[in-house]
Amino acid sequence: MGGSGEAGGEAWRGRYYRLEEVQRHNTSQSTWIILHHRIYDVTKFLDEHPGGEEVLREQAGGDATENFEDVGHSTDARTLSESFIVGELHPVSMQVYQYVMSTIVSFSWSNWVIPAIAAIIVALMYRSYMSE
Ligand code: HEM
């Protein structure tokens, strides 16, 4: 807290973008990334990023939160990042995104379990059929 007091520092508040809109900004002309549901326009920062342009371009148009946190960016890096915020992920997009993510997690169970059980039943039927 206690920010740098830059003028218009939080002009992005209340500006929402949908996931599809963010995904369109995946070029070197316009590079957006998502960090913790906030949207960052890092186009002008590509050349200056100490971690290199490539890592940012790889995440362009998508959610880079995990990679950003894995690096363990300094407080200075986090403060700097605030100057690139252009908006927030639209609440509906956020819900859809979270729903999709949770569905993938829960579906991967049924996706695996049902065919696995089916395969075991078929294998057992096949075995008893062959032994007769
Ligand atoms: C607005 C977003 C970002 C800003 C402002 C930013 C800023 C910085 C800064 C200032 C450093 C120097 C080290 C430090 O102070 O922590 C750094 C290093 C680094 N960043 Fe970022 N970064 C951003 C996003 C990302 C993302 C999304 C990734 C990965 C996909 C990434 C990967 C790295 C890597 C690999 C290093 C080098 C770490 C090292 O050499 O030890 N950065 N970044």
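Tabulated data
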{"item": "Size of segment 21-118 as Cα extents on the principal axes (Å, biggest first)", "result": "54, 27, 25"}
{"item": "Sequence of Trp12, Trp112 when ordered by accessible area, the most exposed leading, probe 1.4 angstrom", "result": "Trp112, Trp12"}
{"item": "Mean ellipticity per residue at 222 nm, deg cm²/dmol - from DSSP H runs of n ≥ 4 across the chain, formula -39500 (n - 2.57)", "result": "-17000 deg cm²/dmol"}
{"item": "Whole-percent carbon and sulfur share, accessible surface of the chain, 1.4 Å", "result": "58 percent"}
{"item": "Top positive-direction residue, dipole computed over the chain with Cβ charges, set Gln23, Phe45, Tyr99", "result": "Tyr99"}
{"item": "Gain in span if fully extended, Glu20 to Glu69, counting 0.36 nm per residue against the direct Cα distance", "result": "15.3 nm"}
{"item": "Normalised contact order of the chain, rounded percent, pairs of Cα under 8 Å and 6 or more residues apart", "result": "30 percent"}
{"item": "Counting DSSP beta bridges with both ends in the chain, the antiparallel % (nearest 5)", "result": "75 percent"}
{"item": "Loop GluC sites (Glu not before Pro), segment 15-72 (other Cβ atoms within 10 Å of the site Cβ: 13 or fewer; DSSP)", "result": "Glu48"}
{"item": "Accessible area expressed per residue, the chain, with surrounding protein chains retained (probe 1.4 Å, Å²)", "result": "73 Å²"}
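The values are calculated or read from the model by the stated rules, or taken from the named source; none is laboratory data. Owing to the predicted nature of the structure, the values given are computational and were not obtained by experimental measurement. Cβ: placed from backbone, ideal geometry, glycine included. Neighbour counts: every protein chain shown. Remember, those area values only see protein heavy atoms, side chains included, never the ligands or the DNA or RNA. Shrake-Rupley method; radii C 1.70, N 1.55, O 1.52, S 1.80 Å.
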